[in-house]
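The values are calculated or read from the model by the stated rules, or taken from the named source; none is laboratory data. None of the values given here were measured: they were computed from a predicted structure. Cβ placement follows ideal geometry from the backbone for every residue including glycine, while neighbour counts extend to all protein chains displayed.
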Amino acid sequence: MNKVQLAAYTVITMLAFSGNSLLCRMALKETSIDAASYTSIRLLSGAAMLWILMRWQHKAPLKLGTWHSAAALFVYAIALSFSYRSINAGAGALMLFGAVQLTMILAGFISGERMSALQSLGFVAALAGLVILVSPSVEAPSIVDSILMLASGIAWGVYSLFGRTQSDPIAATGGNFLRAALLSILMSICTLPWLQLDTRGICYAVLSGAVTSGIGYVLWYRVLRHMSAITASTIQLSSPLITTFGGVMLLGEAFTRNLLIASLLILGGIRLVLRYGK
């Protein structure tokens, strides 16, 4: 893969990751679809797309992946959907991304890794940014939805930690999506009394599952082969910013002072941790 192709795939992947947040927020804000149905359709669509890709590569869909990874993936998806009922796209993406990275940083600390003074400063700054996002103010989301978004980020961080040792991450992701889709079907059966479907909301869920999740993850794993972990982690800093500006342009969300300060603290703090790590 040459540099132009690598750059193109990277940009497409970051747009896909941001698209997950934007599509979810658009569906829950602008259509009548319920959060449980959105999650089920998204996971089923992602599982279908990955199943097709794996069959095309002559791989067994359920050979790789684990139920504990699937459970973490399911928690991430369902918590994300329910939290985006009230949280703006940009603020939600910052909470999600911050919680993911901080979870992985804490896991490293627990396993024996230690941070330098600059890394510790960055970690505290990122935590402060998250506190600003969820602190009471005119534009602050509810405490419940904030907790759900942070739980979604923690679940995705745990899912990422589970997947670090996979020899074939694309096949493992496909297996995990298939298992998570089964969990989502059980959830949808339990939430039938609150079922609300909407044609546009269904389209958003299918796009999120099949395109920005399924194809997006495949492209990302292809990109990862050609860059270091630090470079990959740093590039992901662009995703919440893309989501924020996408929310302003597509959903008419306001770019508030608190959001600006939180963005600088979270993204700058995580950048310090990544930049000065081993």
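Only one residue in LYS29, LYS63 is over 15 Å from ALA151 (Cα atoms), modelled with pLDDT of 90 or more and out of contact with any Asp or Glu (no Cβ under 8 Å at 6 or more places or on another chain), so which one is that?
Working: LYS63 fails: modelled with pLDDT of 90 or more.
So the residue among LYS29, LYS63 that is over 15 Å from ALA151 (Cα atoms), modelled with pLDDT of 90 or more and out of contact with any Asp or Glu (no Cβ under 8 Å at 6 or more places or on another chain) is LYS29.
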Checklist line | Filter result (surrounded by fewer than 24 Cβ atoms within 10 Å (Cβ to Cβ) and either in contact with a helix residue (DSSP H, G or I) (Cβ under 8 Å, 6 or more places away or on another chain) or not in a helix (DSSP H, G or I) (or both)) within segment 41-57 | finding: LEU44, SER45, ALA48, MET49, TRP51, LEU53, MET54, GLN57
Check: Just checking, how many residues over segment 116-137 are free of Cβ contacts under 8 Å to residues at least 12 places away in the same chain and aliphatic (A, V, I, L, M)?
Finding: 2
Next item on the list: Name the residue, out of ILE170, ILE132, ILE87, ILE78, that is modelled with pLDDT of 85 or more, among the β-branched types (Val, Ile, Thr) and out of contact with any Asp or Glu (no Cβ under 9 Å at 6 or more places or on another chain).
Entry: ILE78
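So that you can scan it fast, the table gives a plain yes or no per residue for (1) at pLDDT 90 or above; (2) among the aromatic types (Phe, Trp, Tyr); (3) part of a loop (DSSP other than H, G, I, E, B); (4) crowded, with 24+ Cβ neighbours inside 10 Å:
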residue	(1), (2), (3), (4)
ARG25	yes, no, no, yes
THR39	yes, no, no, yes
LYS59	no, no, yes, no
ALA72	yes, no, no, no
Next item on the list: Kindly list, by first and then second residue, each pair from a residue in segment 99-115 that is in contact (Cβ under 8 Å) with a residue 40 or more places away in the chain to a residue that is among the aromatic types (Phe, Trp, Tyr), limited to pairs with Cβ atoms under 6 Å and residues at least 6 apart or on different chains.
Entry: VAL100/TRP156
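Being hydrophobic (A, V, I, L, M, F, W, C), more than 15 Å from the chain's Cα centre (by Cα) and buried (at least 18 other Cβ atoms within 10 Å of the Cβ) narrows it down to one of ALA181, ALA205, ALA155, so name that one. Explain how you work it out, then say what you get.
Working: ALA205 fails: more than 15 Å from the chain's Cα centre (by Cα); ALA155 fails: more than 15 Å from the chain's Cα centre (by Cα).
Residue meeting the stated conditions: ALA181.
Give me the residue from segment 27-37 that is assigned to a helix (DSSP H, G or I) and under 11 Å from ILE202 (Cβ atoms) and, out of that set, nearest to the chain's Cα centre (by Cα). Talk me through it step by step, then tell me what you get.
Of segment 27-37, the ones assigned to a helix (DSSP H, G or I) are 27-30, 35-37.
Among the residues that remain, those that are also under 11 Å from ILE202 (Cβ atoms) are: 27, 37.
Values: ALA27: 16, SER37: 18 Å.
Result: ALA27.
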Check: Taking the stated definitions as given, is SER18 touching a Ser or Thr at 6+ places or on another chain (Cβ under 6 Å), within 15 Å of ILE215 (Cβ to Cβ) and assigned to a helix (DSSP H, G or I)?
Finding: yes
Next item on the list: Just give me the residues in segment 95-126 being over 19 Å from LEU150 (Cα atoms) and of a type in the set (A, V, I, L, M, F, W, C), in sequence order.
Entry: PHE109, ILE110, MET115, ALA117, LEU118, LEU121
Margin query: For segment 112-123, check the following and say yes or no: at least one residue is under 16 Å from the mean Cα position of the chain (by Cα) and either under 21 Å from ILE261 (Cβ atoms) or buried (at least 22 other Cβ atoms within 10 Å of the Cβ) (or both).
Written below: no
Note to self: Restricting to segment 227-278, name every residue that is hydroxyl-bearing (Ser, Thr, Tyr) and either at pLDDT 80 or above or under 19 Å from ALA89 (Cα atoms) (or both).
What the structure shows: SER238, SER239, THR243, THR244, THR256, SER263
Checklist line | Those residues of segment 233-273 which are of a type in the set (A, V, I, L, M, F, W, C), in a helix (DSSP H, G or I) and over 17 Å from LEU102 (Cβ atoms), in sequence order | finding: ILE235, LEU241, ILE242, PHE245, VAL248, MET249, LEU250, LEU251, LEU259, LEU260, ILE261
